Structure formats: C-alpha cells, structure tokens
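Inspection log for the structure reproduced underneath, given as structure tokens.
Read the figures in this text as sums done on the coordinates, not as results from a lab. Worth saying up front: this structure is predicted, and the values here are computed from it rather than measured. All Cβ positions, even for glycine, are placed from backbone atoms using ideal geometry, and neighbour counts span all protein chains on display.
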Number of protein chains: 4
Amino acid sequence: MTNTKRIALVVGVGPGLGTATARRLHADGYRVAVASRNAERLAGLVQELGGFAVSIDATDPASVEAGVAAVEEAVGPIHTVVWNVGGGVFGTLETVDTDGLDLALGTNTRGLFVLAKRLLPQMAERGDGALVITGATASLRGKPFTTAFAAGKAAQRSLAQSLAREWGPKGIHVALVIVDGMVDLPNTRARMPDRAAESFLSPDGFAATVSFLLSQARNAWTFELDLRPHVEAW
Amino acid sequence: MTNTKRIALVVGVGPGLGTATARRLHADGYRVAVASRNAERLAGLVQELGGFAVSIDATDPASVEAGVAAVEEAVGPIHTVVWNVGGGVFGTLETVDTDGLDLALGTNTRGLFVLAKRLLPQMAERGDGALVITGATASLRGKPFTTAFAAGKAAQRSLAQSLAREWGPKGIHVALVIVDGMVDLPNTRARMPDRAAESFLSPDGFAATVSFLLSQARNAWTFELDLRPHVEAW
Amino acid sequence: MTNTKRIALVVGVGPGLGTATARRLHADGYRVAVASRNAERLAGLVQELGGFAVSIDATDPASVEAGVAAVEEAVGPIHTVVWNVGGGVFGTLETVDTDGLDLALGTNTRGLFVLAKRLLPQMAERGDGALVITGATASLRGKPFTTAFAAGKAAQRSLAQSLAREWGPKGIHVALVIVDGMVDLPNTRARMPDRAAESFLSPDGFAATVSFLLSQARNAWTFELDLRPHVEAW
Amino acid sequence: MTNTKRIALVVGVGPGLGTATARRLHADGYRVAVASRNAERLAGLVQELGGFAVSIDATDPASVEAGVAAVEEAVGPIHTVVWNVGGGVFGTLETVDTDGLDLALGTNTRGLFVLAKRLLPQMAERGDGALVITGATASLRGKPFTTAFAAGKAAQRSLAQSLAREWGPKGIHVALVIVDGMVDLPNTRARMPDRAAESFLSPDGFAATVSFLLSQARNAWTFELDLRPHVEAW
C-alpha cells in the first residue's frame, strides 16, 4: 500500500551523493522528496522516481520551513531527512570573505538547525524518525585552505552530536557520515583525467551506507562513521 | 560450491557479540571458524554452523599462530577476521596490578598485532581480505576505573589506524567498531533485573554492522563507527 | 620607553577572565586596550591600568573593524589579541531559537574571523604577533543543553586551527585555551554558596596561562591546552 | 635550606628534552635526580647540577621500583616526576616484530604504570605532587610507519588520562606534553644539514613548558598541551 511507505526528504541533491541517495531510498521502499536550491534541475529525477521536488535555500530559514511544508502537504509527514547540504567557499583567511563564512555556517549548520527545529519534535511525537547528515574530513579539523568551510562543518558536527544525544532517547536516529575523498562525478573525472578511477569515492557506496544506517535497529545505532576510497591517504 | 565460500575467523567467541557475529557470517555465506581460549565451549556453535573451532590464547603469540595455522589447514585460507578479543581487568591504579595491564595490552593489542603480521601480508597477496576489530568507549579515553583496560583499547585503536592506513591501499579492509553500552546477555540481564530491556546493546545489531562493513565496496570503506542503544547517555 | 611596549587588545572583558588577563598583561609590560560591548563599564579598569577602552559588538563586523581602528589610532599597532568573547544561549533544540544560534556563531566565530582578517596580515608583515582564544569544553563536543553554544565553540576551534596552521609559519602565534569548569566570579559564588571554593576555575590561573603562551619562543609553541580546577570531573 | 627543596626525578635523560628539563628544574629550585638506562652517561650532568643519577630500565618493573627506592634513599621523597621515556622502533607491520611492540608498550606505558603505582599514592598522602609525561604526535594517531610506536604512545595517553582523572582531585597534577616536531639535537642537526634551524623543536622550550605546568595553581591545571616549532606542518 503506497500510503504506508515511509517518506524521505533528501536536501541538497546535485548529480552526486544526493541523487544516489534518493535512488537508493526509492529502491529501499521510501517515497522520496528531493530538494535543491533550484528544483527545476530535479525534474528528471522526479520523473524517474515518481517523487516530488522542492526548492530550498538552506541559508534562508523561511525557505527551509516553506520547503518542508510543501513536502508535507504534497507527500505527507516526513519520516527521514538526509541533509546533504554543505556548499562552502574554499580558501584561506585572505581569500575568503565574511560572505563565504556565512555561506559555510548557513548551509551546514543554520539551515540544519532550522530544519531540525521544524521536524524533530514531530518525529519524536510519532516515536520514530531519522536524520542523516553528510559531513566531511573538514568536520574534524581546520586547515588553511578550509578556513571558512571547516568552521561550518565543525559547527555542523557539534550540532549533530547535540541532536543525537537529545533526540536519540526519543526515538530519532541522528547520524553523521564523514566523507573523506573526492566524490566520483562526471565533471570531477573530466577535470582529473589522470587520476585513477579507484581513487574516487562512490556515490552508490555512500547511498548504501545511508541505507544501512536507516536499517539499524534502535538497540544498536551508529552516530558517526567515516567513508573513503580504499587508496585514500588519511 | 562450498570451497568457493569465503572463510571467516571470529576470535573471541563468548555468548554475546562473537556468537552473534559467527551466526551472521554463516548466514551471509561464509565458512566460519571460531576461536576462544577454550574451544570446547564452542562445540554447540560448531555443530550449529558446521564450522570449526580452535583454542586461541590471545596473550600468547605462539597460540595465535598455531590457531591460525590450524584453521588454514582444516578450512583453508582466511579471508576475513573478526577480532572480538579484549578481556581486561577493571579497576583503578591501586586495584589493578601489572598483570591486569599486561592482560589488557596482550589481548587487545599484542595478540592482534601477531595475528595481523601472520595474515595481512597473505591477504594482500591475494588482493582481498578484511579485519574487523571490536573496540569500546574506552578506546577513546581513559577513566579512573579503566586505568588498564582503556590503555589496551587505546593501543588497539592506534594499531587499527596504522593497519588501515597501510593495508587499505593493498586491498585489506580494516575497521573498528566502537561498542558503547552494555551488551545484551542472559547473565547481564540477570544481574540487572531492573534495567530497561531497550538499554542493552544488541549482539545481532553488532553482527549486522560487521556484516555491513564486510559488504562495503572498496570505493567507499568505513574505518570506524560507534554503536550504542538509542537510550544510552554519551 | 613606553612606546616600545607591545600593545595587547583584550576583547570580551567582563569581571572574570578578561579583567584578570588585562591586569596580567599590564603587569607583563604590555600596553593594554580592553573591549566589551559597553566600554563604559570598563572605566575603572582603564583608570587602573592606564589603558584604553573601546566598545565592540562581536556580532557586527563593522563594530569589530571600528574598534580595532580606534585602538590603533589611540594606542598604536596591535601586537597581541586575546579573544575572550563567546556569549551564547544555553538550551536544547526546542528552547533555543535561530537568534541564539546566530549569537553563538556570531560572537565565537564570525567576529573572530573579521578580527583575524583585519589584524593577522599586518601582524605577519611585522613578522610578529599573537592571537589567544578562549575556548570551552563545548569546543570539543555538543550536548543537548549546548545545542547552539557548542556549535559556535566548535566552529571557533576549527577556525583557530585553520588560522594557527596558516599563520604560524608567518610568525603569528595562534592558541586556544579550553576552559573546563565554572569560572570563579563573585556572582557565581553567590549563586552557589554550598559549592567548594576549590571547585571554581581561577581567572588569575587563566591569565597566567595566557601570559605563558605569549612568552613561548617560536621554536616551541602550543596551539591548544585545557584548563580546569583540580577537582573537576571530566 | 636544601632539605626543604622539592625533589624532582626526570626519567629518560638523553642529550635532548631530559637534560634540558633537568637543568630547568634545577634552576627552578628543585633537587633533581636523573635516570636513564645507563646512569654512567649522566655523570657530567650530575656534577653540573649537584644531583643524583640512577639506572632505570623502564621495561623492567623491578628496575623502576629499585630506581625509585634508590632516589628516595639518597635524596628523599619524590615530589615531581617527569616521564620522558619512550623509545620505540619505527616501522611498518612487516618490519617491526613483537619485541618492537613490547618495547613501545613497555617503555611508554607499562613502566609508567609501575612508577605511578609506586609513587602516586604516597604523593597523595602528602597531598601534593606532579607527574609530567612526554607524549608525541603519535599519541594521537597511528600511521603505517608508527605501527608499534604509536600503539605505545596511545596507551600512554589513555593511562595519563586515567591517572589525571583519578589523582587530580587528590592533589596530584598529571600532565601530558604532545611533542610535535623534530627535537633540536646535535646529531639530528648533523643528519639534516639542509634543514632550517627554526624547524627544530627547542629542548629549552620544552623545559620551559614543563616548568610552567609545574607552576600552575591547582585551581587552573592543564592536562594536555601540544608543542611544535612555528613552521611545523600539522
């Protein structure tokens, strides 16, 4: 029965991790809604999955709330969110400006905070729900070239810990996937023609990991795991 | 065809995580060998799984090497090892003696080192293999009551990192599962009759996680993840 | 000769860590400028130290830049900054709103970013300078009650790492002091009359630590250290 | 009066960190006993400082206990210990053998455990004492080339945490200095004639840091700090 399917919302759907995750959750039996800054780009995916697309600008609380409301109205109550948002400007203190920092904090942390405030309490009321967040190596440390981006990712990881600790006992599974490596995308491959194929991180592998996290029974939940190609230096 | 099955060795098989993992790997299609200090206790499990049992004292390098050789001779080349060993004496500096420290270091770290030296190079020669290690919250920090145990677990985690970084690029998946919580065992339940059932960590959930790690394609491998009951305070 | 004294700016001067640090740096021979949201409150301290006070609202980039410019004009080029800012609203996801998160991110991270952009390049041009930042246990992890505050502190720590790694080789000493414990303040004592005196963290001890960090020769610099009363549980 | 001086024992005194620390503690007013595997090599230092030397093999509990007893008898009750021991064989899983691992665990962790059992309870009875331990970057993570060494250092750090948490409230200051960088030694310089002088870590800087840690009042103690040359990449 279609209307008993769990509803998943994937926020931040570009050609890589987000699309692979949306497909995987669809295959796993979820009704999948997808969001990106520009929902028009998701038309093909929506047609493929029979889902629903919405535009969400993660830096704008009103946009996050409107997007969630649109999904709820069109599809139903959201059981699972994959927060795959996290643009960020790379660069050093001298090359990144305050807007770049605001973008990193706004997409990775603030938008997630707004979404969590909107959805976690109602998930908890239903006694069930999940929030999986895409982190990065930069979640764990700041380097010169990630002066702004890593700050956003570190704040996101801290927020994810707070949420997991508060909402886990209420039945909401909050998890963070630390992506360590270059994601395998057509344009990334094109930019690095000499790089070995096996050195790219597989979007399908990421999606399989999200799928596994969502399958965990609540008496053995994972909060954090890392993910990298086997040849990655770390 | 039986002889094309992958062979897995689970070292440290008591009634909890080890047994659940052996059963799960059997269900996943592995031929499963099991080891504990006293192989006789594993007779029932061997009968159930049609496997092979061997006595291994992880604190004794000769015993580790003999155990591995016995499995190789009786079953064949080992593809996957789950190192679930890690006894340890709990107590403070004043109540734990040097033997207690040696036990923690010997089982968690030294036995693992001996096993890795024995098996990883030949796994790498075959281009494929896996080593999954059972860690604990004590892998991450030392507290007064874990003066000896945590030292062994911290050394084990460091060793696991070194092994993952060296042998990952050679095709061996090394992973560490940080178990955070009281494992659900009949005798644990009996000792804590008032504790809520949902507060115990599920051995089957642990085994499902090991199974997932072993299923990961090498372009998206996890090194470390945590695992806890949803109500656990952390 | 007064004009050869190094100039230090302490931002975030309340009755505790900031005041103790300003006094200590004065005793160490610095000319000390102090800043808080309301410079009028610092009149007594300015009189005591013969220094200079300026109002800085760390959440407002223009205010940070104007404050720095005012210090430069009135006192001279700034050699050392102690960033002791870091208000934040405590509470869970449900009790903290977006403004609370913005305050945590704005004071701990964004204001620091603006200040660093303004001052580090010119310190590097002079080949010498220092930036010491006040962190907290929340810099290291997020808990339910620190949903917003810890996010700001984690982003701050990441930013501090990026800055230390980039600007250390250029001669700027960036350091982070992780304050773990209740600061010893008259109003804190009054609120907790039954708490043992020795369980409070000493502002003078904090200031002595900042003084030590600033005394380190560049061939042995500390980036991060923790600080707590000896009886603190951690 | 000489006999009211605090007595410090520095264990692991070679030409670098240990000697610099012994000199600094002497200058700070301690009566200084020094220990290394071969006390004869310390004759010059003993003459210089008017101290006492003893042979201690950190891998041998009996030797640690005998060494401590000899210092107590010759000099008096020990107030402060600097554990600068930590030899270790560098190499990968294939090039390091079990003896190499035992050396890393034995010097960094087991010898320290034996010393702590011997001395911390009596320091606590006197209500005062300190134990400062020399860590390394390898204390924080395992890499292929530090397969054995990092395991020993990680176990040491965990043990140090357990000791600090247990004995801090009893008045014993336990601290860990994470040394990140190549120590400045004549033979190191000779081996790397092209390396810039400023890229070596200063033994005097290390000693100044130990001296500072020992000067901290107990209402603001540091457990862990890092130390590196300003140009070090990390």
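Using helices alone, what [θ] at 222 nm do you get for the protein assembly as shown, with -39,500 (n - 2.57) per DSSP H run of 4 or more residues, divided over all residues and rounded to the nearest 500? Show your work: numbers first, answer last.
Details: 32 runs with 376 residues, N = 936.
Only helices count here, giving -12500 deg cm²/dmol.
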Cα centroid separation - region D:132-199 against region C:90-130, whole Å: 31
Cα centre as origin, Lys/Arg/Asp/Glu Cβ charges: the protein assembly as shown dipole, Debye: 0
When you look at the Cβ of every residue in C:138-146, what mean number of other chain Cβ atoms sits within 10 Å? 5
Would you mind checking which residues have amide H under 5 Å from D:His173's amide H? H placed 1.01 Å from N; only 5 or more apart, or other chain. D:Gly129, D:Ala130, D:Leu131
With an 8 Å cut-off on Cα pairs and a minimum separation of 6 or more residues, tell me the relative contact order of chain B in percent. 19
Order D:66-74, B:161-169 from most to least packed using the mean count of other Cβ atoms within 10 Å. B:161-169, D:66-74
Let a ≥ b ≥ c be the square roots of the eigenvalues of the Cα gyration tensor of region A:155-234; is it rounded (a/c under 1.5), or, if not, prolate (a/b larger than b/c) or oblate? prolate
List the distances, in nm to one decimal, from the label point of B:Asn38 to the label points of the same position in every other copy, shortest first, placing each label point 7 Å from Cα along the Cα-to-Cβ direction. 4.9, 7.0, 7.4
So for the pair D:Asn38, C:Arg191, with labels modelled 7 Å out along Cα→Cβ, what separation do we get in nm? 6.1
With a ≥ b ≥ c from the Cα gyration tensor eigenvalues, square-rooted, and the rule rounded for a/c under 1.5, otherwise prolate when a/b > b/c and oblate otherwise, chain D is rounded
Sum of side-chain charges, C:Leu45 neighbourhood, beta-carbon under 14 Å (Lys, Arg +1; Asp, Glu -1): +2
Which distances in nm, rounded to one decimal and ordered from shortest, link the label point of C:Arg191 to the equivalent label points in the other identical copies, with labels set 7 Å from Cα toward Cβ? 4.0, 4.8, 5.4
Once you charge only the Cβ atoms, +1 for Lys and Arg and -1 for Asp and Glu, what is the size of the charge dipole of region A:68-171 about its Cα centre, to the nearest 20 debye? 400
For B:Asp226, residues with placed amide H under 5 Å, excluding near neighbours: A:Phe223, A:Glu224, B:Ile178
How far is B:Glu94 from itself in the other copies, in nm, if each label sits 7 Å out from Cα along the Cα-Cβ line, shortest first? 4.4, 5.0, 5.8
In whole Hz and in residue order, list the ³J(HN,Hα) couplings for region C:144-153 that follow from phi through the Karplus curve 6.51 cos²θ - 1.76 cosθ + 1.60, θ = phi - 60°; x for Gly and Pro. x, 7, 10, 3, 8, 4, 5, 4, x, 5
Give me the net charge of C:Asp180's neighbourhood, meaning all other residues with Cβ under 9 Å from the Cβ of C:Asp180; Lys, Arg count +1, Asp, Glu -1. -1
What is the minimum Cβ-to-axis distance for chain B, in whole Å, where the axis maps B onto A, and to which residue does it belong? B:Leu225, 2
GNM on chain A, C-alpha springs below 10 Å: top fluctuator among A:Asp28, A:Asp180, A:Asp128? A:Asp28
Could you tell me which residue out of A:Ala70, A:Ser158, A:Ala190 lies farthest along the dipole of region A:2-227 toward its positive end? Charges go on the beta carbon: Lys and Arg +1, Asp and Glu -1, centred on the Cα centre. A:Ser158
With chain C treated as a Gaussian network of Cα nodes joined by springs under 10 Å, which of C:Ala124, C:Ala33, C:Ala207 yields the largest mean-square fluctuation? C:Ala124
Nothing charged except the Cβ atoms of Lys and Arg (+1) and of Asp and Glu (-1): what's the magnitude of the dipole of region A:2-227 about its Cα centre? Round to the nearest 20 debye. 440
Towards the positive end of the charge dipole of region C:2-227, with charges on Cβ (+1 Lys, Arg; -1 Asp, Glu), say which of C:Thr95, C:Val13, C:Gly127 has the farthest Cα. C:Gly127
Here the whole-number average of other chain Cβ atoms within 10 Å per Cβ of C:6-12 is 0
Net +/- balance of residues flanking B:Val89 in space, Cβ distance below 13 Å, scoring K and R +1, D and E -1: -3
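Classify the protein assembly as shown: rounded, prolate or oblate, from the alpha-carbon gyration tensor (a ≥ b ≥ c, eigenvalue square roots; a/c under 1.5 rounded; otherwise prolate if a/b is larger than b/c)?
Here the protein assembly as shown falls in the oblate category.
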Once the dipole of region B:116-224 is set up with Lys and Arg at +1 and Asp and Glu at -1 on Cβ about the Cα centre, which of B:Thr137, B:Ser202, B:Thr147 lies farthest towards its positive end? B:Thr147
Quick one: the Cα spread of region C:103-209 along its three principal axes, in angstroms, biggest first? 52, 31, 18
